[in-house]
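Below: one structure, written as structure tokens.
The values are calculated or read from the model by the stated rules, or taken from the named source; none is laboratory data. Predicted, not measured: the structure shown is a model, and the values here were computed from it. Here Cβ is always computed from backbone atoms with ideal geometry, including for glycine, and neighbour counts include all displayed protein chains. Side chains are part of the model used for accessible areas, which takes the heavy atoms of the whole protein and leaves out ligands, DNA and RNA. Shrake-Rupley method; radii C 1.70, N 1.55, O 1.52, S 1.80 Å.
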Amino acid sequence: MGDKALTYARIIATGSALPERVVTNADLEKIVDTSDEWIRSRTGIRERRIAADGETTGDLGYRAAIAALEAADVKASEIDLIILGTTTPDIIFPSTACLIQHRLGANGCAAFDINAACSGFVYALGVADKFIRSGQSKKVLVIGAETLTRMVDWNERETCVLFGDGAGAVVLEASEEPGILATCLHADGGFKELLYNPVGVSAGFTDEPNHGVRIHMSGREVFKVAVKTLDSLVGETLAAAGMEESEVDWLIPHQANLRIIEATAKRLKMSMERVIVTVDRHANTSSGSVPLALDEAVRSGRVKRGQNLLLEAFGGGFTWASALLKY
Ligand code: COA
């Protein structure tokens with residue numbers, strides 16, 4: 001009789017892209033009342049990349065996608081689905097996934113954006129996993145790309161020191177070898193007021209600078225909920241994959257704040273040597289952060305085939321999401 005083999009979504013390659021311009025904490029000391037010491041001790045951030053004038057989310061996402069496709073040795077025409085996690089699309093529509101699709105020459109395949117704030121890439125990975133497992137898609141490009149600094153109020157020291165721009169991408173393939181083992185996606189819109197951008201096409205814009213486009217954040221409250229939520233998310237994800245903490249080789253967390261990352265590592269009883277950290281150089285790149293960290297870990301040779309990776313993210317909504325996978 002023979003059971004039909006399970007189909008897994010397997011990451012066959014990764015890619016990433018960063019803007020050229022580096023902005024250090026010392027640079028920010030010149031524009032707001034802050035200090036390198038404050039930023040480093042509270043967040044772990046030393047510097048961030050900022051997109052050039054005219055450089056868009058789509059540009060960064062496209063470059064990350066090309067890098068992933070080249071590493072995978074896959075032609076864009078072989079891709080049958082593109083999902084982009086982003087909160088900072090180039091234009092209102094078409095989706096930035098469609099803009100990237102056209103530049104890649106993958107015209108015809110399904111393409112759409114997911115807005116789950118900083119959890120966007122992990123949400124996109126969860127959705128792509130379902131498309132592959134159902135047999136609907138065979139090769140999927142999943143991208144996380146952001147130019148979040150376009151929303152930053154450079155007069156507000158509470159937020160402007162935290163964010164950066166960047167993108168990462170993975171090529172997923174249907175495979176009988178594992179693969180993504182479990183994904184957990186959650187949201188609680190009741191927390192909207194703690195982290196949000198209050199304007200938009202339908203709600204309208206304001207006469208404030210940048211038309212009212214600005215990140216509103218209650219940092220201390222976000223911090224507390226993030227730590228608690230990620231703690232339970234990690235337990236849920238391990239249980240969903242039937243895995244123990246000790247079997248996880250690498251934690252690849254959302255890069256918002258080193259102290260939040262350390263709390264999650266402690267929950268997993270992992271030393272920081274097994275945690276991929278890029279927040280010091282990239283700051284919080286929202287949906288870009290997890291795939292950027294993953295790509296860096298793969299290209300530096302730290303993450304190896306057959307290892308178990310735990311990816312997790314937390315962001316505005318609130319949203320939170322994870323993926324446990326065998327690389
Ligand atoms: N430089 C210097 N001082 C600053 C500052 C800055 N950039 N930003 C805030 N401060 C001041 C505050 O005004 C406050 O001053 P006060 O005590 O006189 O009122 C003081 O520093 C302490 O602020 P507090 O909020 O207690 O600091 P904190 O230890 O909680 O760190 C964050 C602040 C924002 C770094 C931290 O709460 C955080 O990372 N939260 C999560 C944010 C996040 O990750 N958001 C995205 C989620 S995806």
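Total residues in the stretch 39-58 satisfying the condition of being without any contact (Cβ under 8 Å) to a residue 12 or more places away in the chain and either touching a Lys or Arg at 6+ places or on another chain (Cβ under 8 Å) or of a type outside the set (Ser, Thr, Tyr) (or both): the figure is 2. Checking 303, 222, 290, 234 one by one, the residue that is touching a helix residue (DSSP H, G or I) at 6+ places or on another chain (Cβ under 7 Å) and in a loop (DSSP other than H, G, I, E, B) is 303 and no other.
Scanning the stretch 55-78 for residues that are open to solvent by less than 10 Å² (accessible area, probe 1.4 Å) and among the β-branched types (Val, Ile, Thr) turns up just one, 57.
Restricting the stretch 237-252 to residues that are over 29 Å from residue 41 (Cβ atoms) and outside any loop (DSSP other than H, G, I, E, B) leaves a set whose member that is nearest to the ligand (Cβ to nearest atom) is 237.
Filtered by the rule that a residue be surrounded by 24 or more Cβ atoms within 10 Å (Cβ to Cβ) and either of a type in the set (S, T, N, Q) or more than 16 Å from the ligand (Cβ to nearest atom) (or both), the stretch 299-318 gives a lone residue, 310. Checking each residue in the stretch 164-179 for being open to solvent by less than 10 Å² (accessible area, probe 1.4 Å) and either outside any loop (DSSP other than H, G, I, E, B) or within 16 Å of the ligand (Cβ to nearest atom) (or both) picks out 164, 165, 166, 167, 168, 169, 170, 171, 172. When 195, 162 are screened for being in the same structural domain as residue 308 (by TED's automatic domain parsing) and under 20 Å from residue 85 (Cβ atoms), only 195 passes. Take the stretch 141-163 and flag every residue that is in contact with an Asp or Glu (Cβ under 9 Å, 6 or more places away or on another chain), assigned to a helix (DSSP H, G or I) and open to solvent by less than 40 Å² (accessible area, probe 1.4 Å). If the condition is that a residue be in contact with an Asp or Glu (Cβ under 9 Å, 6 or more places away or on another chain), assigned to a helix (DSSP H, G or I) and open to solvent by less than 40 Å² (accessible area, probe 1.4 Å), then 148, 149, 159, 160 are the ones that fit. One residue alone among 47, 29, 55 is closer than 18 Å to residue 153 by Cα and touching a strand residue (DSSP E or B) at 6+ places or on another chain (Cβ under 9 Å), and that residue is 47.
The listed residues are 52, 5, 13, and the only one of them that is surrounded by fewer than 21 Cβ atoms within 10 Å (Cβ to Cβ) and at pLDDT below 95 turns out to be 5. Within the stretch 108-120, does at least one residue satisfy the condition of being more than 18 Å from residue 291 (Cβ to Cβ) and touching an Asp or Glu at 6+ places or on another chain (Cβ under 6 Å)? Checked against the condition, which is being more than 18 Å from residue 291 (Cβ to Cβ) and touching an Asp or Glu at 6+ places or on another chain (Cβ under 6 Å), the stretch 108-120 yields at least one hit.
Can you name the condition, by its number, that residue 255 falls short on among (1) within 11 Å of the ligand (Cβ to nearest atom); (2) in a strand (DSSP E or B); (3) among the polar types (S, T, N, Q)? Of the numbered conditions (1) within 11 Å of the ligand (Cβ to nearest atom); (2) in a strand (DSSP E or B); (3) among the polar types (S, T, N, Q), the odd one out for residue 255 is (2). In a residue-by-residue description of the stretch 127-140, the property of being assigned to a strand (DSSP E or B) and either within 16 Å of the ligand (Cβ to nearest atom) or open to solvent by 10 Å² or more (accessible area, probe 1.4 Å) (or both) applies to at least one position.
Of 117, 110, 97, all but one fail to be closer than 22 Å to residue 63 by Cα, among the aliphatic types (A, V, I, L, M) and within 16 Å of the ligand (Cβ to nearest atom); the exception is 117. When residue 45 is tested against (1) closer than 19 Å to residue 287 by Cα; (2) away from the ligand (no atom under 16 Å from the Cβ); (3) in contact with a helix residue (DSSP H, G or I) (Cβ under 7 Å, 6 or more places away or on another chain); (4) open to solvent by less than 30 Å² (accessible area, probe 1.4 Å), just one condition goes unmet, and that condition is (2).
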